[in-house]
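> Here you go, one structure.
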Amino acid sequence: MRIRNLGHACWHIDLGKTKLLIDPFISGNPLASNIDIDSIECDYILVTHGHEDHVADVVRIAQRTNATVVSNFEIVNWFQKQGLSKLHPMNIGGSWNFDFGKLTYFTAQHSSVMPDGSPGGNPGSFIIQSDHGNFYHAGDTGLMMDMKIIPMLVKLDFALLPIGDNFTMGINEAIIASQWIECNNIIAMHYDTFGYIVVDQQKAKSEFQNNGINLTFIEIGESINI
Ligand code: NI
Ligand code: MN
């Protein structure tokens, strides 16, 4: 699969026939000004939780692409009120077999409210099992014991983990999380966007390396094949 960093916690995942977009926050992200929102193609938009820095461009992209929005029940209902109609509601711990593979809406230790103050349900994360590989997008979360469940469910090929600290896990917690999810191939997210979450990338990489874990930073707009 080909994964492209669109900034912050937003990723474009190309699974060949199907393209996923996770947590679109591009127009409000000055670091992502090189991304052309209106050329992004996707079949599904996955939303971990209701915060502005994860949902800002969902309606704009869903209206143009006719993508199906997948999130928790409350968030999906909120997007219905914003005029979207292709929606798939889930809730914590549930899985569904989509045409691209099996998706589990898993826990996250965080909060969730929509940009207008409406309830955003419980925050979540995504575990995706596909013919092209298995991965975990942790959403916004602190280190949590639930992560120990993940290797009982799936053998991950890689994981997207927040490392920016303050609002989510920092580097030390993300190293422990990598051990708990039994994954040595970590891609960093949720760093540098705001003043609170600026990260020293070289230091982060070497601290992960000291624990035998490969931490990858992908420049915004760049892609890698996994
Ligand atoms: Ni958040
Ligand atoms: Mn966030």
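The values are calculated or read from the model by the stated rules, or taken from the named source; none is laboratory data. Predicted model only: the values in this text are computed from it and were never measured. Reconstructed Cβ throughout: ideal geometry from the backbone, glycine too, with neighbour counts over all protein chains shown. For the accessible areas, the whole protein counts, side chains as well, though only heavy atoms, and no ligand, DNA or RNA atoms are used. Shrake-Rupley method; radii C 1.70, N 1.55, O 1.52, S 1.80 Å.
> State all residues of segment 67-89 that are in contact (Cβ under 8 Å) with a residue 40 or more places away in the chain and assigned to a loop (DSSP other than H, G, I, E, B); if no residue qualifies, say none.
Within segment 67-89, 67 is the sole residue that qualifies.
> Restricting the search to segment 157-174, which residues are open to solvent by 10 Å² or more (accessible area, probe 1.4 Å) and at negative phi?
157, 167, 168, 171, 172, 173
> Looking for whichever is more than 20 Å from residue 96 (Cβ to Cβ) and either in contact with a strand residue (DSSP E or B) (Cβ under 7 Å, 6 or more places away or on another chain) or away from ligand 1 (no atom under 14 Å from the Cβ) (or both) here; the options are 165, 157. Which one fits?
157
Each row is one residue, and each column tells you yes or no for (1) within 14 Å of ligand 2 (Cβ to nearest atom); (2) under 24 Å from residue 94 (Cβ atoms); (3) among the aromatic types (Phe, Trp, Tyr).
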position	(1), (2), (3)
36	no, no, no
52	yes, no, no
64	no, no, no
67	no, yes, no
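> Restricting to segment 91-124, count the residues that are open to solvent by 20 Å² or more (accessible area, probe 1.4 Å) and aliphatic (A, V, I, L, M).
The number of residues fulfilling the criteria is 2.
> I'd like the full set of residues that are part of a helix (DSSP H, G or I) and charged (D, E, K, R), limited to segment 134-174.
Within segment 134-174, 146, 148, 173 meet the criteria.
> Of all residues in segment 175-201, count the ones that are surrounded by fewer than 22 Cβ atoms within 10 Å (Cβ to Cβ) and outside any loop (DSSP other than H, G, I, E, B).
The qualifying residues number 9.
> Another one. Does at least one position in segment 25-32 carry a residue that is open to solvent by 60 Å² or more (accessible area, probe 1.4 Å), within 27 Å of residue 196 (Cβ to Cβ) and part of a strand (DSSP E or B)?
No: zero hits.
> Quick check on this structure: which one of 118, 112 is more than 17 Å from the chain's Cα centre (by Cα) and on the phi < 0 side of the Ramachandran plot?
The unique qualifying residue is 118.
> What is the one condition in (1) without any contact (Cβ under 8 Å) to a residue 12 or more places away in the chain; (2) under 17 Å from residue 140 (Cα atoms) that residue 33 does not satisfy?
Here residue 33 meets the rest and fails (2).
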